[in-house]
Amino acid sequence: METKPVITCLKTLLVVYSFVFWITGAILLAVGVWGKLMLGPYISLIADNSTNAPYVLIGTGTVIVVFGLFGCFATCRGSPWMLKLYAMFLSLVFLAELVAGISGFVFRHEIKGTFHRTYTDAVLNYNAEDEASRAVDNLQHRLRCCGVYNYTSWFGSVYYPSNGIPASCCFNASDCNPDELRNTTLAPSKVYQQGCYELVTSFMETNMAIIAGVTFGIAFSQLIGMLLACCLSRIITANQYEMV
């Protein structure tokens, strides 16, 4: 095993791995920026307070991009201490992703409960003007749903007495008017019947296994990088191999 061809092979594998690792960081960075710009209102519906999730993704992505480049540099340089530092960073990323994946799976019911609470509050205090209200409109329009459990959730809203059910609940916007949406007899024939809470939570439950699998798969992929970095560092040290 202690031969130059083996070292060259390990170097190649680790450079390829570091490049892929760098790409994942770039993806996280892009998702964080996109989430901040496009999903801010939706995020406010699943958190009691303003969440820093987009900033966490941006920060994590940036760090991974930097260390991905560092991993390529350390591999090409053939520096044992740099490779050990890179392996240590990968171990930290592995632990963080493992904890995040387990926490998301274990506390999924709490996440659903938080969404129910914040979405119900947004419906009851809907005014068609603030950020939470716009998020409710977007959610109802995109998912083709109405209210928390169904359209009757709007009957307790401060918006309903004067304006009726919001137009975002209508399956045909051109065939809805405030008078009809205030009428408890006519409104049901104009709006979506399914509630948004059921749609969102069903999606979460259906895709939880896939999300968990992808998360753990990405996490355990860090072990490959750790193994390659440690093996390369040990062989270089043992052979006192210096890269130019």
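The values are calculated or read from the model by the stated rules, or taken from the named source; none is laboratory data. None of these values were measured; they are calculated from a predicted model. When we count neighbours, we look across all protein chains shown, and the Cβ atoms used for this are built from the backbone with ideal geometry, even at glycine. Ligands, DNA and RNA are stripped out before the accessible areas are found, and what is left, the full protein with its side chains, is counted by its heavy atoms. Shrake-Rupley method; radii C 1.70, N 1.55, O 1.52, S 1.80 Å.
The residues of the stretch 199-244 that are at pLDDT 85 or above and of a type in the set (D, E, K, R) amount to a single one, 234. Of all residue pairs spaced 6 or more apart or on separate chains, those with beta-carbon atoms under 6 Å, a first member in the stretch 78-99 that is under 16 Å from residue 7 (Cα atoms) and in contact (Cβ under 8 Å) with a residue 60 or more places away in the chain and a second member that is polar (S, T, N, Q) and open to solvent by 30 Å² or more (accessible area, probe 1.4 Å) are 80/237.
Put simply, of 164, 147 the only residue that is within 27 Å of the chain's Cα centre (by Cα) and open to solvent by less than 10 Å² (accessible area, probe 1.4 Å) is 147. When residues in the stretch 184-194 are screened for being surrounded by 14 or more Cβ atoms within 10 Å (Cβ to Cβ) and polar (S, T, N, Q), 2 of them pass. For the stretch 107-118, the count of residues that are surrounded by fewer than 14 Cβ atoms within 10 Å (Cβ to Cβ), among the charged types (D, E, K, R), modelled with pLDDT of 85 or more and farther than 17 Å from residue 192 by Cβ is at least one.
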